[in-house]
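A.B. asks: Once you've had a glance at the structure underneath, I'll fire off some questions.
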Amino acid sequence: MSYNFKEIEKKWQNKWEKEGTFNAKNDYTMKKWYGLIEFPYPSGQGLHVGHPRSYTALDIIARKRRLEGYNVLYPIGFDAFGLPAENYAIKTNIHPRVVTAQNIEHFRQQLKSIGFSFDWSREINTTEPDYYKWSQWIFIQLFKNGLAYKATMPINYCTGCKVGLANEEVVNGVCERCGSPVVQKEKSQWMLKITDYAEKLLKDLDDVNYLEKIKIQQRNWIGRSEGAQVKFKIANSDEELEVYTTRPDTMFGATYMVVAPEHPIISKLQNKITNMDEIEKYKEETAKKSDFERTEIEKDKTGVEIKGIKAINPANGKEIPIWISDYVLITYGTGAIMAVPAHDERDFAFATKFGLPIIQVITNKENSVSVEKEAYVSKEDGYVINSDFLNGLSVKEAIDKMIKFLEDKKIGTKKVNYKLRDWVFSRQRYWGEPIPMVHCEKCGWVPLDEKDLPLVLPEVEEFKPGENGESPLAALNEWIKTTCPHCGGPAERETDTMPQWAGSSWYFLRYIDPHNNKEFASKEALNYWLPVDWYNGGMEHTTLHLLYSRFWHKFLYDIGEVPTKEPYAKRTSHGMILGGNGEKMSKSKGNVVNPDDIVEEFGADTFRTYEMFLGPFDQATPWSMESLRGCSKFLDRVWNLQTILVDGDSYSPDFDKMMNKAIKKISQDFEDMKFNTAVATLMTMLNEFYRLKRINKAEFSTFLILLNPIAPHISEELYSIIGNSKTIAESSWPTYDEAKTIDDEIELPIQINGKLKGTVIIVKDSEEDVVKQLVHDKISNLIDGKNIVKEIYVKNKIYNIVVK
RNA sequence: GCAGAUGUGGCGAAACUGGCAGACGCACAGGACUUAAAAUCCUGCGGACUAACCCUCCGUGCCGGUUCGAUUCCGGCCAUCUGCACCA
């Protein structure tokens with residue numbers, strides 16, 4: 001018999017909403033637990049089945065924590081600024097605010113229908129002035145502390161639409177919408193100096209409980225390296241070219257230099273350069289490529305020699321040519337490299353293509369290295385040759401000696417470098433937080449007075465970005481004209497807006513005290529709730545959102561605004577849910593599953609159970625309608641346990657053991673996010689109840705509490721039906737007796753030569769001679785007359801006999 | 001190219017710290033109930049061998065190694081997925 005999930009789920013959801021069952025308490029004497037999921041971007045498509053995977057997982061932990069007596073904060077909100085709403089506005093001229101409000105309403109209703117235990121009283125929305133006031137406030141603090149600055153950075157510029165584009169909108173070098181070529185266009189933009197925090201962001205990873213793969217990804221992204229920064233003189237000139245290298249030991253093998261096409265040395269020395277035409281042409285071609293293309297495509301190296309100037313290798317004083325090539329990026333290091341083709345793969349490819357000299361300076365112990373066909377890049381067991389005063393040293397020794405040489409001569413220093421780049425914070429867009437800065441002729445860039453926040457996003461007629469890649473706000477002359485907060489003279493507002501990352505970089509702080517209009521959150525509340533105890537989200541956010549929000553938080557810590565160094569004590573990650581065909585769900589593939597349909601047909605509890613059962617939580621798994629029905633059947637069987645409900649005590653000690661083991665297993669599985677095996681354990685329990693055709697009230701109640709975090713509605717309903725006066729939400733998490741989880745008899749496997757030949761029942765912790773006798777009796781027919789070489793007994797695990 | 005991950009039945013998967021490979025579920029097959037179907041319940045279900053059962057052998061992407069014993073550890077390959085900023 002099926003149960004009426006529609007009625008039951010509605011009933012409990014209404015009760016929870018009416019009573020505020022899951023709202024966090026303002027009792028700061030209680031032990032607390034703060035669980036966080038990545039708040040959704042309210043897209044027009046509505047909730048994806050991927051969202052509930054993460055939300056159900058932490059909902060399970062949140063519900064368990066409440067039953068364990070914690071004051072739980074499990075909040076929800078909407079990250080509602082963003083491109084899709086703006087692009088929709090451009091098409092339809094409907095204000096993004098209107099569309100966003102509709103989408104949020106839809107999301108809210110969808111989320112509520114799944115029965116998450118969110119504290120809805122703390123819902124936030126990044127597009128509300130009350131919220132982004134504080135995003136702007138934090139930006140001003142960053143500016144005041146020298147961490148926000150203006151710099152000229154390229155944007156993607158569509159030559160057809162004449163607007164700036166996000167990376168996402170550039171597909172294969174052309175505009176996604178009109179197909180016109182996209183070029184890089186220089187633009188003055190706000191930058192945030194995340195690189196100042198590189199060392200802290202790296203080091204403090206040691207103190208947080210993130211999945212190891214997340215730490216590794218962040219470390220690689222920050223990309224700390226040690227090396228040397230070295231000045232190369234330009235022959236017959238006062239100019240110098242500075243390079244960064246991690247291999248100063250190979251400097252005698254540097255046979256040429258390469259600078260990024262955008263490098264300022266070119267314009268500085270243009271009078272000496274004899275092939276400016278050729279260089280300009282190459283620069284133009286480079287501008288057509290996004291960074292993405294320059295780095296992604298496995299292509300032949302291209303480049304142009306800068307004729308008329310030469311550099312001097314400071315190691316040996318030899319003149320070497322200077323080239324430009326797009327494989328050198330202006331944004332990393334100094335934008336220039338010394339090329340050592342014998343010991344760097346890219347340099348090797350470049351030198352081979354353009355016939356540049358290759359000088360080997362590193363060999364191995366056996367001196368069997370050849371750099372005829374490929375570069376020798378190993379740093380281990382390398383020894384220096386052909387390098388004057390470095391000859392015979394190991395790579396490590398040579399690095400130190402060369403750095404000392406450079407420092408003595410004052411032409412170079414030891415230098416730590418990071419791959420991490422500063423954060424481009426300007427967007428030439430409408431639907432974002434206005435940047436609260438004005439430009440005054442006299443005072444330069446000045447932040448708004450904090451009492452004048454929020455700087456409200458003004459109304460516009462036209463959402464289309466302006467020509468030349470300006471923001472739509474650039475057309476609002478009246479709005480732009482303002483007075484300088486510093487000197488009172490005429491000034492102009494910044495017209496770019498913040499990126500979507502801004503609102504999400506600190507939202508977890510606002511949840512803590514969402515209605516505070518004096519501060520982003522009170523000190524008292526921050527002290528109590530921080531840090532976030534557990535944050536679950538997608539791996540795709542590891543290097544951007546996760547790092548950005550750590551950066552903002554660390555900054556706020558340094559200026560005394562938050563009490564913890566790190567925002568998140570623990571970070572875990574969920575795998576993607578794929579379509580039934582094993583491919584990523586997408587409209588074009590027609591394999592999208594809509595959560596609403598599942599909830600409508602099978603109910604929220606089945607949906608939640610299936611999302612947790614479908615596979616290991618951290619791995620990508622395909623959706624299967626058949627398996628979903630299996631979960632529906634499971635809940636029907638749970639409902640029908642009522643038919644075998646009996647009075648009386650536990651059935652047997654063994655049965656009691658099964659219950660204790662299950663409590664232990666499920667409790668631990670939840671903590672380890674092994675939800676699939678937790679569900680499997682519940683199914684096994686259920687099978688056992690039916691096998692014995694009995695369950696008493698105490699057992700049923702325990703079973704329902706264990707099931708409750710996964711399937712909260714049906715479990716509450718049954719809990720009440722079987723006569724409990726309190727609800728599960730008012731009860732506590734079951735405990736188990738460790739002694740009752742241990743078997744006193746063990747079925748010991750017997751192997752001969754590592755192959756299973758049988759089993760024997762032994763008393764737990766039996767001594768070897770006792771077991772030996774039992775084993776020999778059991779398999780005497782297999783070992784009689786055989787030459788026993790060795791016998792291995794691993795207590796309570798295995799007995800293995802080696803025969804010849 | 002770099003980085004991270006993954007690879008186990010027809011399918012999703014499980015397996016503690018190196019110790020009985022395949023728990024749980026789906027699909028499938030047979031049976032019960034039913035006038036019949038659906039639903040439900042019961043039984044079986046890695047492969048080879050076998051009429052069938054037992055036995056035996058093979059089996060965790062491939063090749064090798066360590067070990068009494070390897071899905072698990074080590075080396076080398078192959079394939080797939082994800083991310084990327086050619087990171088000097």
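The values are calculated or read from the model by the stated rules, or taken from the named source; none is laboratory data. Every value quoted in this text rests on a predicted model; they were computed, and no experiment measured them. Cβ atoms come from the backbone with ideal geometry, glycine included; neighbour counts cover every protein chain shown. Calculation scope for accessible area: heavy atoms of the full protein, side chains included, ligands and nucleic acids excluded. Shrake-Rupley method; radii C 1.70, N 1.55, O 1.52, S 1.80 Å.
A.B. asks: Can you say what percent of the DSSP beta bridges in chain A, counting only those with both residues inside, are antiparallel? Round to 5.
C.D. replies: 75
A.B. asks: Using the structure shown, list the pairs from A:K144/A:K187; A:K379/A:K401; A:K193/A:K414 with a Cα-Cα distance above 20 Å, or answer none.
C.D. replies: Beyond 20 Å: A:K144/A:K187; A:K193/A:K414.
A.B. asks: Let me ask something additional. Once amide H atoms are placed 1.01 Å from N in the peptide plane, what residues at a sequence separation of 5 or more from A:W323, or on another chain, have their amide H within under 5 Å of its amide H?
C.D. replies: A:M257, A:V258, A:V259, A:I306
A.B. asks: Let me ask something else. Would you tell me the accessible area of A:L692, worked out with a 1.4 angstrom probe on the heavy atoms of the protein chains, in Å² to the nearest 10?
C.D. replies: The accessible area comes out at roughly 40 Å².
A.B. asks: Report the one residue of A:Q218, A:L356, A:G335 whose Cα lies farthest in the direction of the positive end of the charge dipole of chain A (charges on C-beta: Lys and Arg +1, Asp and Glu -1; origin at the Cα centre).
C.D. replies: A:L356
A.B. asks: Take each of the peptides A:125-132, A:442-449, A:54-61, average the number of other beta-carbon atoms within 10 Å over its residues, and list them starting from the highest.
C.D. replies: A:54-61, A:125-132, A:442-449
A.B. asks: Based on the Cβ-Cβ distance of A:L476 and A:E671, what FRET efficiency does E = 1/(1 + (r/R0)^6) give at R0 = 56 Å, to the nearest 0.05?
C.D. replies: With a Förster radius of 56 Å, E is 0.55.
A.B. asks: Please list, ordered by chain and number, the residues whose modelled amide H lies under 5 Å from the amide H of A:F617; skip anything fewer than 5 residues away on the same chain.
C.D. replies: Under 5 Å from the amide H of A:F617 lie the amide H atoms of A:F675, A:N676, each far enough along the sequence or on another chain.
A.B. asks: Once the principal axes of the Cα atoms of chain A are found, what is the range along each, listed largest first in whole angstroms?
C.D. replies: Answer, in whole Å and largest first: 100, 85, 50 Å.
A.B. asks: Mind checking which of A:M402, A:S378, A:I752 is farthest towards the positive end of chain A's charge dipole, using Cβ charges of +1 (Lys, Arg) and -1 (Asp, Glu) about the Cα centre?
C.D. replies: Going by the charge dipole, the pick is A:I752.
A.B. asks: In terms of modelled amide H atoms, which long-range or inter-chain residues lie less than 5 Å from the amide H of A:C175?
C.D. replies: Distant-sequence amide H within range of A:C175: A:S180, A:V182.
A.B. asks: Check cross-link reach from A:K726 to the aspartates and glutamates: straight Cα distance under 19 Å, and skip same-chain residues fewer than eight apart.
C.D. replies: A:E9, A:E17, A:E19, A:E68, A:E699, A:E716, A:E717
A.B. asks: Give me the distance between the Cα centres of the range A:403-431 and the range A:699-719, rounded to whole Å.
C.D. replies: 57
A.B. asks: A:E745 accessible area, nearest 10 Å², 1.4 Å probe?
C.D. replies: So the heavy atoms of A:E745 present about 120 Å² to solvent.
A.B. asks: Report P(r) for the range A:1-157: all Cα-Cα distances, bin width 10 Å, range 0 to the bin holding the largest distance, values in whole percent.
C.D. replies: Result, from short to long distances: 9, 28, 31, 21, 8, 2, 0 percent.
A.B. asks: Give me the number: length gained by fully extending A:Y149 to A:E626, i.e. 0.36 nm times residue separation minus the C-alpha to C-alpha distance, one decimal in nm.
C.D. replies: 166.2 nm
A.B. asks: Taking the 0 to 90 degree range and rounding to the nearest ten, how far is the long axis of helix A:345-354 tilted relative to the main principal axis of chain A, both from C-alpha atoms?
C.D. replies: For helix A:345-354, the angle is close to 40 degrees.
A.B. asks: Still on this model: Test of understanding: what is the full-extension gain from A:E285 to A:K18, defined as 0.36 nm times their sequence separation minus their Cα-Cα distance?
C.D. replies: The A:E285-A:K18 span can extend by a further 89.8 nm.
A.B. asks: So what's the angle, to the nearest 10 degrees on a 0 to 90 scale, between helix A:625-639 and the longest Cα principal axis of chain A?
C.D. replies: For A:625-639 against chain A, the angle is about 40 degrees.
A.B. asks: Using Cα pairs under 8 angstrom and six or more residues apart, how large is the relative contact order of chain A, in percent?
C.D. replies: In percent, rounded to a whole number, it is 14.
A.B. asks: Right, here's the next one. Over 29 Å between Cα atoms: which of A:K301/A:K464; A:K185/A:K272; A:K10/A:K31; A:K665/A:K795 fall into that group?
C.D. replies: A:K301/A:K464; A:K10/A:K31
A.B. asks: If you place +1 on the Cβ of every Lys and Arg and -1 on the Cβ of every Asp and Glu, how big does the dipole about the Cα centre of the range A:102-157 come out, in debye to the nearest 20?
C.D. replies: 220
A.B. asks: Please find the FRET efficiency linking A:E168 to A:K451, where r is the Cβ-Cβ separation and R0 is fixed at 51 Å, and quote it to the nearest 0.05.
C.D. replies: Efficiency computed from Cβ-Cβ geometry: 0.85.
A.B. asks: Take every Cα pair under 8 Å in the range A:520-591 that's 6+ residues apart, average their separations, divide by the length, and report that relative contact order as a whole percent.
C.D. replies: Worked out over the range A:520-591, it gives 38 percent.
A.B. asks: Could you pull out the pairs from A:K755/A:K804; A:K203/A:K419; A:K231/A:K307 whose alpha carbons sit more than 18 Å apart here?
C.D. replies: Among A:K755/A:K804; A:K203/A:K419; A:K231/A:K307, the Cα-Cα distance tops 18 Å for A:K231/A:K307.
A.B. asks: With each label point set 7 Å from Cα along the Cα-Cβ vector, what nm distance links A:D27 and A:E738?
C.D. replies: Simple spin-label model gives 2.9 nm for this pair.
A.B. asks: Measure off 7 Å from each Cα along the Cα-to-Cβ vector at A:D649 and A:V763, then give the distance between these two points in nanometres to one decimal.
C.D. replies: Taking the simple label geometry, A:D649 and A:V763 are separated by 2.5 nm.
A.B. asks: State to the nearest 20 debye the size of the charge dipole of the range A:40-159 about its Cα centre, where the only charges are +1 on K and R beta carbons and -1 on D and E beta carbons.
C.D. replies: 180
A.B. asks: With +1 assigned to the C-beta of every Lys and Arg and -1 to the C-beta of every Asp and Glu, and no other charges, what is the dipole magnitude of chain A about the Cα centre in debye, to the nearest 20?
C.D. replies: For this selection, approximately 640 debye.
A.B. asks: Pick out, in residue order, every one of the trypsin sites (Lys or Arg not before Pro) in the range A:324-375 that is DSSP loop and has at most 11 other C-beta atoms within 10 Å; say none if there are none.
C.D. replies: A:K365, A:K373
A.B. asks: Here is a further query. Quick one: ranking A:D452, A:D596 by accessible area, 1.4 Å probe, largest first, what do you get?
C.D. replies: So, going from the largest accessible area down, we get A:D452, A:D596.
A.B. asks: Mean residue ellipticity at 222 nm from the helices of chain A, using -39,500 (n - 2.57) per DSSP H segment of n ≥ 4 over the full residue count, to the nearest 500 deg cm²/dmol?
C.D. replies: -10500 deg cm²/dmol
A.B. asks: Hey, rough spin-label estimate for A:K726 and A:D204, points 7 angstrom out along Cα→Cβ, what's it come to in nanometres?
C.D. replies: Result: 3.9 nm between the two label points.
A.B. asks: Just reorder A:E717, A:E791 by solvent-accessible area, largest first, 1.4 Å probe, all chains present.
C.D. replies: Ranked from most to least accessible, the order is A:E791, A:E717.
A.B. asks: Can I ask one more? Report, please, the projected area of the range A:83-198 averaged over directions, based on the convex hull of its C-alpha atoms, in nm².
C.D. replies: It is 10.9 nm².
A.B. asks: Hey, if we sort A:T352, A:T542, A:T564, A:T274 by accessible area with the 1.4 Å probe, largest down, what's the order?
C.D. replies: The residues order as A:T274, A:T352, A:T564, A:T542, largest area first.
A.B. asks: Something else now. How high is the FRET efficiency from A:D277 to A:K565, r the C-beta distance, R0 45 Å, rounded to 0.05?
C.D. replies: 0.25
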